[in-house]
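Student: First the structure, then my questions, so here it is.
Quick note: the coordinates plus some simple rules give every number you see, no bench work behind them. This one's a predicted model, so the numbers in the text were calculated from it and none came from an experiment. Here Cβ is always computed from backbone atoms with ideal geometry, including for glycine, and neighbour counts include all displayed protein chains.
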Amino acid sequence: MNNLTFDSRKPMDFIAIGRLCIDLNANEINRPMEEVTTFTKYVGGSPANIAIGLSRLGMKTGFIGRVADDQMGRFIVNYLKQNQIDTSQVIVDRSGSVTGLTFTEIKSPTDCSILMYRENTADLRLEPNDVKEETIQNAKAILITGTALAKSPSREAVFLALDYANRHGVVTFFDLDYRPYTWTSAEETAIYYKLAAEKCDVLIGTREEFDRMEHFDRNDRHDDAVTARRWFDCRARIVLIKHGKNGSVAYTNDGQCYTGRVFPAKVVKTFGAGDSYAAALIYGLMQGWDIAKAMEYGAAAAAIVISSHSCSEAMPTVEQIERYIQQCRSGEGVR
């Protein structure tokens, strides 16, 4: 059991809102971007990856967002449909916007970086009128991420979705997902992150992301417990803070604290871990599992994805996660 309640009468399990983009992952690894000549194309964007992950785990999933009126936009919509994600609320933006691109550099398993092109992207053209109250009302849970807050009118659309969710008893997840692109200052980031976090039930992010959100707060020691208490004074019921290879820690508003471990992995690249972790964690929480078990599944899913070249394509099924956990427990090692 956990401290979240999901309305079983609602027909849609989960809806993600925000960024739909293209990941172009370097095929030549162990070399800098300047020397890479070929890339493989995948659907990307944190909320897209999480939605795909939850669909792979068997959840009835939908998406609210905008894609460009181009070949890449059509590729994204088709891929979502192939993964049984409801795209009825994915709008084709015809204003001349483009699809966001993320190039990935894999110098080594521990030295990875991304190069993002975020100018005039379709996902940030999402408007409040695109968010239908009935769509939100019919979902058990929604997810927002920080990148959708970076610019208007997308940020207003997100706040409207949160208002609808709060009004209709929909559980709200906020994956902080900070990206420096399109933000103008640390102050702007902190202000809009704070306004969104105050409306959300579950907050998920790295220690560094929480530090950015708490830019105006006094938490010089970067204390996780202080962070959790700060958001429990608002709406949050679970605050989960990730510490990379050192695992994660989750706090609940009833005073509990859970520490999550990491699983061994044959690391190809480090990105994608957070999205796969979030998908499996949310799945577990929506199944009513205790938080420790949900965190374990999240950590196993992250290990699987960082062992693969892709992010969205590598999102695991329940069976794959359970098999991975069992292999690690039995000492068979990583796959």
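Student: Taking the Cα centre of the chain as the origin, how large is its charge dipole in debye, to the nearest 20, when only Lys and Arg (+1) and Asp and Glu (-1) carry charge on their Cβ atoms?
Tutor: Computed about the Cα centre, the dipole is about 560 debye.
Student: Starting from 0.36 nm per residue, how many nanometres of slack lie between residue 28 and residue 5 once their C-alpha separation is accounted for?
Tutor: 3.7 nm
Student: Just report the Cα centroid separation between segment 28-75 and segment 219-246, whole Å.
Tutor: Between the Cα centres of segment 28-75 and segment 219-246 lies a distance of 29 Å.
Student: In addition: Can you figure out the FRET efficiency of residue 119 with residue 195, using R₀ = 25 Å and their beta-carbon distance, to the nearest 0.05?
Tutor: For residue 119 and residue 195, the calculated efficiency is 0.50.
Student: Per 0.36 nm of contour for each residue apart, how much would the distance between residue 246 and residue 84 grow if the chain were fully extended, relative to their Cα-Cα spacing?
Tutor: Additional length available on full extension: 54.9 nm.
Student: Take the alpha carbon atoms of segment 151-170, find their center, do the same for segment 178-196, and report the distance between the two centers in whole angstrom.
Tutor: 17
Student: Follow-up question, since we're still on this one. Taking the highest mean first, how do the peptides 303-310, 51-58, 82-89 order by number of other beta carbon atoms within 10 angstrom per residue?
Tutor: 51-58, 303-310, 82-89
Student: Can I ask one more? What value does segment 48-203 have for Rg/Rh, both radii from Cα atoms and Rh as Kirkwood defines it?
Tutor: 0.95
Student: Then there's this: For the chain, modelled as a Gaussian network with Cα springs under 10 Å, which listed residue fluctuates most, 79, 193, 258?
Tutor: 258
Student: In addition: Please report, in whole Å³, the volume per residue of the convex hull around the C-alpha atoms of segment 111-168.
Tutor: Once divided by residue count, the hull of segment 111-168 is 99 Å³.
Student: Run the numbers for residue 168 and residue 257: contour at 0.36 nm per residue of separation, minus the present Cα-Cα distance, in nm.
Tutor: In short, 29.2 nm is gained.
Student: Then there is this: Of the options 267, 278, 244, report the single residue whose Cα projects farthest towards the positive end of the charge dipole of segment 231-278 (beta-carbon charges: Lys, Arg +1; Asp, Glu -1).
Tutor: The listed residue farthest towards the positive side: 267.
Student: If you add up the charges near residue 283, with Lys and Arg at +1 and Asp and Glu at -1, over every other residue whose beta carbon is less than 10 angstrom from its beta carbon, what do you get?
Tutor: Neighbour charge sum, excluding residue 283 itself: 0.
Student: To the nearest 500 deg cm²/dmol, what mean residue ellipticity at 222 nm is calculated for the chain from DSSP H runs of n ≥ 4 alone, each contributing -39,500 (n - 2.57), summed and divided by the residues?
Tutor: -10000 deg cm²/dmol
Student: Continuing with this model, one more query. When the distances between all Cα atoms of segment 1-69 are binned every 10 Å from zero, what whole-number percent does each bin get?
Tutor: So the P(r) values, bin by bin, are 17, 33, 27, 15, 7, 1.
Student: Let me check I've understood the local charge: for residue 295, count other residues with C-beta under 11 angstrom from its C-beta, Lys and Arg +1, Asp and Glu -1. What total comes out?
Tutor: +1
Student: Right, another one. Of the listed values [x] 32, 24, 18; [y] 28, 22, 21; [z] 26, 25, 21, grab the one calculated as semi-axes √(5λ) of the Cα gyration tensor in Å from the structure here.
Tutor: [z]
Student: Sticking with this structure for a sec: For segment 236-315, take the convex hull of the Cα atoms, compute a quarter of its surface area, and give me that in nm², please.
Tutor: 5.0
Student: How high is the relative contact order of segment 228-335? Use alpha-carbon pairs under 8 Å, at least six apart in sequence, and give a whole percent.
Tutor: 22
Student: Then there's this: Could you please tell me the mean projected area of the C-alpha convex hull for segment 136-232, averaged over all directions and given in square nanometres to one decimal?
Tutor: Hull-based average projected area comes out at 5.9 nm².
Student: Going highest first, how would you order 266-276, 136-146, 178-188, 150-160 by mean Cβ packing within 10 Å?
Tutor: In descending order of packing, they fall as 136-146, 266-276, 150-160, 178-188.
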